[in-house]
1. I'd like the residue in the stretch 132-186 that is on the phi > 0 side of the Ramachandran plot and within 13 Å of the chain's Cα centre (by Cα) and, out of all such residues, is modelled with the lowest pLDDT.
2. Conditions: (1) of a type outside the set (S, T, N, Q); (2) closer than 18 Å to GLN37 by Cα; (3) surrounded by 15 or more Cβ atoms within 10 Å (Cβ to Cβ). ARG179 meets all but one. Number of the miss?
3. Which residues, taken from the stretch 83-99, are surrounded by fewer than 16 Cβ atoms within 10 Å (Cβ to Cβ), farther than 20 Å from LYS114 by Cβ and in contact (Cβ under 8 Å) with a residue 24 or more places away in the chain?
4. Could you say which residue among GLN106, GLN148, GLN80 is surrounded by 22 or more Cβ atoms within 10 Å (Cβ to Cβ) and not charged (D, E, K, R)?
5. Would you mention how many residues in the stretch 43-83 are closer than 18 Å to THR169 by Cβ, of a type in the set (A, V, I, L, M, F, W, C) and part of a loop (DSSP other than H, G, I, E, B)?
6. Out of ASP72, ASP127, I need the residue that is surrounded by 15 or more Cβ atoms within 10 Å (Cβ to Cβ) and under 23 Å from GLN49 (Cα atoms). Which one?
Amino acid sequence: MSLLRIAFVSLAISAHGLFAHSLFTHSGAQAAQPLSQGSTVPEFSAPNQDGKMVKLSDFKGSPVLLFFYPKDETPGCTKQACSLRDEFAEFKKLGAVVLGISRQDQASHTEFRKKHKLPFDLLVDSDGKIAEKLGVGTMPLIGLHKRQSLIIGKDGKLLKFMGDVDPSTHTKEALETIRTHLAETK
């Protein structure tokens, strides 16, 4: 192997190492700080699956479950979304709004929503700025949102930040939190 080739390979390995180090140490996953319970959830707007802009303030006066999920059509995300779909009538009975949000585009959300008959909006956060603003983590290297949820009270304040969501218990936990909130605010 020529000296020039060895130098090039060494340089490439060093550059790769620095790149990988930067991904691990400067990733959004490390920097995201969840909002604290009782704090006002910052305003945001995002397009839904139909391209209509949706603002958090549109739902003032209603509890909101804002669930961040990694990707349309993955097993865990489908399980979570379908569980919320199956209990959607209960959320509606409580006057609560359910909103999903991930980095996929409108077309992906439209197809996911249609295929699984999801009755709630799926919002597009393609650049991850909403997740960052709300303290939702990002998976290192792949940049997808972590499976985390915010349950927001009728007054726009954070009731609960669910940091490590289990798709099989998420819906039940969210409904319990909303019921408790509504009982306390009567």
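The values are calculated or read from the model by the stated rules, or taken from the named source; none is laboratory data. Here the structure is a predicted model, which means the values were calculated and not measured. All Cβ positions, even for glycine, are placed from backbone atoms using ideal geometry, and neighbour counts span all protein chains on display.
1. Among residues in the stretch 132-186 that are on the phi > 0 side of the Ramachandran plot and within 13 Å of the chain's Cα centre (by Cα), the one modelled with the lowest pLDDT is GLY143.
2. Unmet condition: (3).
3. GLU90, LEU94, GLY95
4. None of the other options fit; the residue is GLN80.
5. The total comes to 0.
6. Selected residue: ASP72, the only one of ASP72, ASP127 that is surrounded by 15 or more Cβ atoms within 10 Å (Cβ to Cβ) and under 23 Å from GLN49 (Cα atoms).
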